[in-house]
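Heads up, the thing below is written out as structure tokens.
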Protein chains: 2
Amino acid sequence: MQNQNENENITVRDVIQIDNELLQNISSLIEDEANQAIKTIFTNLHPADIAEIINHLPFDDAQYAFGLLDTETAVEVVTELDEELREKVLNELDKEKITDIVDELDTDDATDIVSDLPDEVAEHVLDNIDPEDSEDVKELMKYPEESAGGLMNSDFISVDINALVKDAIEAVRIGSLEEKIEDIYTIYILADDETLLGFVHLKELIINPPETPLKNIMEEDLIYVTADMDQEEVANIMDKYDLISIPVVDENKKMLGRITIDDVVDVIQEEAAEDLQKVAGLSEDEEYSYSTIRISRNRLPWLFVSLGGELISAGVLSSFQASIEQIIIASFFIPIVMALGGSAGSQAAIVTVQGMSGANIWWHDVVKRLMKEFRVATLNGFVASIVLLLASKLFFSAELDFGLILSLSLFIIIVNATMIGAIVPVIFKKLGVDPAIATGPIVSSANDIMGLLIYLSLVTIFFTV
Amino acid sequence: MQNQNENENITVRDVIQIDNELLQNISSLIEDEANQAIKTIFTNLHPADIAEIINHLPFDDAQYAFGLLDTETAVEVVTELDEELREKVLNELDKEKITDIVDELDTDDATDIVSDLPDEVAEHVLDNIDPEDSEDVKELMKYPEESAGGLMNSDFISVDINALVKDAIEAVRIGSLEEKIEDIYTIYILADDETLLGFVHLKELIINPPETPLKNIMEEDLIYVTADMDQEEVANIMDKYDLISIPVVDENKKMLGRITIDDVVDVIQEEAAEDLQKVAGLSEDEEYSYSTIRISRNRLPWLFVSLGGELISAGVLSSFQASIEQIIIASFFIPIVMALGGSAGSQAAIVTVQGMSGANIWWHDVVKRLMKEFRVATLNGFVASIVLLLASKLFFSAELDFGLILSLSLFIIIVNATMIGAIVPVIFKKLGVDPAIATGPIVSSANDIMGLLIYLSLVTIFFTV
């Protein structure tokens, strides 16, 4: 049935490996202004790969390479560029070219880009793109970037409640060919006042006869979000219900737009990255392309929180100066009580933060969770204390009574730090503060201070009267 | 055109809020064995919501509630249960009911569940489900759980290279209605030997005339993965190219299955959670439902790494006993040099880990990145040192010469810890170890030890001769 010869010119492409060699080749081609060669390379690449290359070029080369793209490719590439680079590249581009690019973008991407343009350029762009798109973009710009409204795209396929399958097919044809709507998976069914009533999957248009009323086959069990919902919650809902697109409505259930899964995947990646950054004490997302000063400014605040916290620790130590002078061995174990309190606290904090990652706090879970944390802390504190007791005897020839007080301190410190690690994220969440912050420098400094207080108080009480 | 009265029975459902009240209601209904009432509640819920409720019930109640579901709903719910709970619930279910459930599952989900069953039950299930599915599941079980093969589903729609649009429509109809294939977005076009040649999007079947040869409209610029690829890499590729499904092939490009975005979203969530856990020093994913002993076992290894590392710190301190006795003020600042080295190191480590999150290391980026980290470290080290110099004078009335040595130490420690934080993840990645581990207890212990050595050496050299 099949003629192998016919297929000889069909190529199946491996995912491209963008390596340093390719990057250096392109850099030297740029230096030689070998535009035709660069264009030829780009022609064979996926826009996402071109973007990855441009993201890794020095700024001048990136600018030059982007300038070589035809509008159609530039449209695909510009959405994949690192945000800071994109802003810089577009700043150097003339208004007309920016207008051409924005005119071809989906409304959600167009909105992201127009919002970052200088006012005067943005105005020019909005005055010169397709008037309907321009209206949509102006509408979308009203929503905060991190809300459902900020994520949504106003291009979608909809038909009214009395339509037949064949009407929906016609709507898909027009949407796809004339309005160039991409990522069509679902046809939304609206009332006359644009209230969302239901939807059908694209495949239903294929498996049902053309004369079937959509009313008879539509899914009415709709999951939707409102435009003001936080993007993280949108991501949770799409993940939970395994959706590839979700409609966005206003307070009257009027359909405003839809969010597709690719944008939500980016949100999930971003939020995960942010969580990690908070744990490590970075104020905001840090891009490779930032200047030294900007990176420094991003990291210094938390270093100062650390420094402030530990100056208090130093104050605690100095107020126990007499005890330390009397029992110098006590000072050797300061790193141990600090580090183990810190580790136990951040273990509990991370588990709690992840446990609460859904939308709501489960109060009866919280109580059970804290009780479990307490049992775990008691067990781990006990095991670690016994080991420390043996180690202090073995490696530091500590007296048994000192070793016992040291172990007792470690036990109390581990239990205390674990409970703080488990409770603070819950309190933060309740107060509307991101719980991931509880795993960062503030809580670990607090645990250091409390750990030292517990340890040195016990040592002082038992050994220096 | 539209008659409002017709729509009165059309309901649009809000995303349900599962709260403690609902949960407690269900618990007491279970206690009263009010099966009909529970079934009525479940009928109105999305399977993902039923799963969320069951996930939060005590085990006996969860078991009971799951038992009330009809097979069709059980199939939808079982894939959303927490893994440990699912294993326990299925263990209590009789073989026949498990067989009924597995028979209705997609092959990827069926594989996950059958792999967790006791051998004897698994064998029974595989002997009694649809023979074709059984073959597929046995095939899929050969792949590691965290590979593309482990993620893929062997149900997909394909036609041969000489097919027309109408043949593809027929294939979608059969696949959808008879084989119950879900999530149909793409029709794959295969050669006679099942080699993957191209694909068309579902919408192309709608907008092109039925007699169009698929050859003329198919996309040949294919992005695919091989069955042995790690799931994290699969996720990166689908994210980068904004794909909602990706074909999986063997070494001869024979099509084996496809991976859909919903499974990849789960992978991304999992991997992000794992990164956070590694940073905090947890050995593996920790579920709320684990026993105290199991949680304790999960956390103790890293507590011991911390303890081991800090015993070395204690050793360093004890070997500088003479210096500390002479200048007791030196001991007060131990927490500061430890904590700031730790913070600066983990900031650099997180940024490096995130910067390398793509598939390949960019060596010329690495060098530039390290140079930038060095500049940032120098700047932040300088600023922090000046502040510490002032603070030591102001709050601790330290002598100027001690303050200067303290500041110098802090500067060196911050630069050193930053560079270690930036270099170790790169080395780990090169060695095939997950770089996120570099942000955890091993590296922070190492930084503590080095920090103390630097600080106490400088103090000893300058003040105790």
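Quick notes
Residues are listed down the side, and each one gets a yes or a no for (1) under 30 Å from B:Glu274 (Cβ atoms); (2) within 12 Å of chain A (Cβ to nearest Cβ); (3) part of a helix (DSSP H, G or I):
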{"site": "B:Asp136", "(1), (2), (3)": "yes, no, yes"}
{"site": "B:Lys142", "(1), (2), (3)": "yes, no, no"}
{"site": "B:Gly150", "(1), (2), (3)": "yes, no, yes"}
{"site": "B:Val159", "(1), (2), (3)": "no, yes, no"}
{"site": "B:Lys166", "(1), (2), (3)": "no, yes, yes"}
{"site": "B:Ile169", "(1), (2), (3)": "no, yes, yes"}
{"site": "B:Val172", "(1), (2), (3)": "no, yes, yes"}
{"site": "B:Ser176", "(1), (2), (3)": "no, yes, yes"}
{"site": "B:Ile181", "(1), (2), (3)": "no, yes, no"}
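- B:Ala398 satisfies every condition listed in (1) in a helix (DSSP H, G or I); (2) over 28 Å from A:Ile293 (Cα atoms) except (1).
- Residue check: A:Val234 meets all listed conditions (1) facing chain B (nearest Cβ under 10 Å); (2) out of contact with any Asp or Glu (no Cβ under 8 Å at 6 or more places or on another chain) but one, namely (1).
- In this structure, A:Glu52 does satisfy being acidic (Asp, Glu), under 18 Å from B:Asp365 (Cα atoms) and within 10 Å of chain B (Cβ to nearest Cβ).
- Those residues of the range A:69-95 which are among the hydrophobic types (A, V, I, L, M, F, W, C) and either in a helix (DSSP H, G or I) or closer than 18 Å to A:Thr107 by Cα (or both), in sequence order: A:Ala74, A:Val75, A:Val77, A:Val78, A:Leu81, A:Leu85, A:Val89, A:Leu90
- Test for B:Ser392: is it under 24 Å from B:Ser306 (Cβ atoms) and within 12 Å of another protein chain (Cβ to nearest Cβ): no
- Screening the range A:379-427 for residues that are out of contact with any Gly (no Cβ under 8 Å at 6 or more places or on another chain) and within 27 Å of B:Asn20 (Cβ to Cβ) and picking the one that is surrounded by the fewest Cβ atoms within 10 Å (Cβ to Cβ) gives A:Ile427.
- Within the range A:281-340, being within 33 Å of the chain's Cα centre (by Cα), closer than 18 Å to B:Ile386 by Cα and more than 8 Å from chain B (Cβ to nearest Cβ) holds for A:Arg297, A:Pro301, A:Val305, A:Gly308.
- Some residue of the range B:456-464 being closer than 17 Å to B:Ser343 by Cβ, within 13 Å of chain A (Cβ to nearest Cβ) and part of a helix (DSSP H, G or I): no
- Filter result (free of Cβ contacts under 8 Å to residues at least 60 places away in the same chain and either closer than 15 Å to B:Asp262 by Cα or among the hydrophobic types (A, V, I, L, M, F, W, C) (or both)) within the range B:212-231: B:Leu214, B:Ile217, B:Met218, B:Leu222, B:Ile223
- Residue-level check: of (1) in the same structural domain as B:Glu72 (by TED's automatic domain parsing); (2) surrounded by fewer than 16 Cβ atoms within 10 Å (Cβ to Cβ), B:Asp192 misses just (1).
- Any hit, the range B:428-439, residues being surrounded by fewer than 18 Cβ atoms within 10 Å (Cβ to Cβ), of a type outside the set (Lys, Arg) and either part of a helix (DSSP H, G or I) or within 11 Å of chain A (Cβ to nearest Cβ) (or both): no
- Residues in the range A:243-289 that are part of a helix (DSSP H, G or I) and charged (D, E, K, R): A:Asp262, A:Asp263, A:Asp266, A:Glu270, A:Glu271, A:Glu274, A:Asp275, A:Lys278.
- Residue count, the range B:248-269 (criterion: over 20 Å from B:Met141 (Cβ atoms) and more than 9 Å from chain A (Cβ to nearest Cβ)): 1
- Selection of the range A:187-242 for residues being β-branched (Val, Ile, Thr), touching a Lys or Arg at 6+ places or on another chain (Cβ under 7 Å) and part of a strand (DSSP E or B) yields only A:Thr195.
- All of (1) farther than 22 Å from A:Thr464 by Cα; (2) in contact (Cβ under 8 Å) with a residue 60 or more places away in the chain; (3) among the hydrophobic types (A, V, I, L, M, F, W, C); (4) more than 9 Å from chain B (Cβ to nearest Cβ) hold for A:Ile386 with one exception: (2).
- All positions within the range A:272-285 that are surrounded by 21 or more Cβ atoms within 10 Å (Cβ to Cβ), out of contact with any Leu (no Cβ under 9 Å at 6 or more places or on another chain) and not basic (Lys, Arg): A:Gln277, A:Ala280
- Residues that are more than 8 Å from chain B (Cβ to nearest Cβ), aliphatic (A, V, I, L, M) and in contact with a Gly (Cβ under 9 Å, 6 or more places away or on another chain), drawn from the range A:341-360: A:Ala348
Condition check ((1) at pLDDT 90 or above; (2) loosely packed, with under 13 Cβ neighbours inside 10 Å; (3) outside any loop (DSSP other than H, G, I, E, B); (4) in contact with a Phe, Trp or Tyr (Cβ under 9 Å, 6 or more places away or on another chain)) across all residues:
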{"site": "A:Glu6", "(1), (2), (3), (4)": "no, yes, yes, no"}
{"site": "A:Asp14", "(1), (2), (3), (4)": "no, yes, no, yes"}
{"site": "A:Leu29", "(1), (2), (3), (4)": "yes, no, yes, no"}
{"site": "A:Gln36", "(1), (2), (3), (4)": "yes, yes, yes, no"}
{"site": "A:Lys39", "(1), (2), (3), (4)": "yes, no, yes, no"}
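The values are calculated or read from the model by the stated rules, or taken from the named source; none is laboratory data. What you see is a predicted model, and the numbers here were worked out from it, not measured in a lab. Cβ sites come from the backbone with ideal geometry, for glycine too, and all protein chains shown count toward neighbours.
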